[in-house]
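Remarks on the structure that follows.
The values are calculated or read from the model by the stated rules, or taken from the named source; none is laboratory data. Small disclaimer: the values here were computed from a predicted structure and weren't measured. So basically every Cβ, Gly included, is an ideal-geometry build from the backbone, and we count neighbours across all protein chains shown.
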Amino acid sequence: AQSVTQLGSHVSVSEGALVLLRCNYSSSVPPYLFWYVQYPNQGLQLLLKYTSAATLVKGINGFEAEFKKSETSFHLTKPSAHMSDAAEYFCAVSGTGANSKLTFGKGITLSVRP
Amino acid sequence: DSGVTQTPKHLITATGQRVTLRCSPRSGDLSVYWYQQSLDQGLQFLIQYYNGEERAKGNILERFSAQQFPDLHSELNLSSLELGDSALYFCASSGGSRSNEQFFGPGTRLTVL
């Protein structure tokens, strides 16, 4: 079975500071990995995805993530936080075909201090 | 805008009742997924349909059922509702050249009183 672990439920950073949100996955086969963002009272928006191409994946809004097989990690980073980045972030893993459902982590709430 | 639409946006009903949530996938997407988001359980996969056929089942209660119609829209039916069914229900679709990517609708917020 596939799973992801997001440690901690809340991260607070100052505007302009580095954002680092951690995600570790468990999968018996090469996974697809995703980061989604959810703004208050909205649906889920895909930030970026890893599908076994480049290990460093660039997404929208200046976010990027690096797939590290040796560490089973897919941490999300952004060099400089902006107030508009305040939201909930979900890491997710999926397989393919009949196993293409997304399995989500518990989510991390990112707060950005002025 | 993801291209996935869900209706209604909000639904308030009483325990024991039955409701139907509707989802229209992105044009051309054959797969539809349903997810439930609650404070207790987080985001959980319920069920997947592909071109009208059930493809995968997750933590979906027996009181819940779904179907995908020939025009590819999908409905999620929730019956004998309980307080604990109050949640945000998302539909997502995938297919075509980006078949490994799921696009989410805005969700239906269900409140059971």
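For this structure, a couple of remarks:
- Checked against (1) crowded, with 19+ Cβ neighbours inside 10 Å; (2) hydrophobic (A, V, I, L, M, F, W, C); (3) within 13 Å of chain A (Cβ to nearest Cβ), B:L21 passes all but condition (3).
- Residues being among the β-branched types (V, I, T), outside any loop (DSSP other than H, G, I, E, B) and within 10 Å of another protein chain (Cβ to nearest Cβ) - total across region A:73-114: 1
- Residue in region A:59-72 that is within 14 Å of chain B (Cβ to nearest Cβ), closer than 29 Å to B:Y50 by Cα and either surrounded by 21 or more Cβ atoms within 10 Å (Cβ to Cβ) or in contact with a Cys (Cβ under 6 Å, 6 or more places away or on another chain) (or both) present: no
- Unique residue being without any contact (Cβ under 8 Å) to a residue 40 or more places away in the chain, under 20 Å from B:W34 (Cα atoms) and of a type in the set (A, V, I, L, M) when the list is A:A92, A:A86, A:A98: A:A98
The rows are residues; the columns are (1) assigned to a loop (DSSP other than H, G, I, E, B); (2) over 12 Å from the mean Cα position of the chain (by Cα).
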position: B:G28; (1), (2): yes, yes
position: B:V32; (1), (2): no, no
position: B:Q44; (1), (2): no, no
position: B:I60; (1), (2): yes, no
position: B:S65; (1), (2): no, no
position: B:D71; (1), (2): yes, yes
position: B:L76; (1), (2): no, no
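- Selection within region B:65-80 - surrounded by 20 or more Cβ atoms within 10 Å (Cβ to Cβ) and either more than 14 Å from chain A (Cβ to nearest Cβ) or at pLDDT below 95 (or both): B:Q68, B:L72, B:S74, B:L76, B:L78
- Highlighted here are the strands (runs of 3 or more DSSP E) found entirely within region A:6-50 that include at least 1 residues which are out of contact with any Phe, Trp or Tyr (no Cβ under 8 Å at 6 or more places or on another chain): A:10-14, A:19-21, A:24-26.
- Looking across region A:56-114, the residues that are of a type in the set (K, R) and in contact with a strand residue (DSSP E or B) (Cβ under 7 Å, 6 or more places away or on another chain) come down to A:K58, A:K78, A:K101, A:K106, A:R113.
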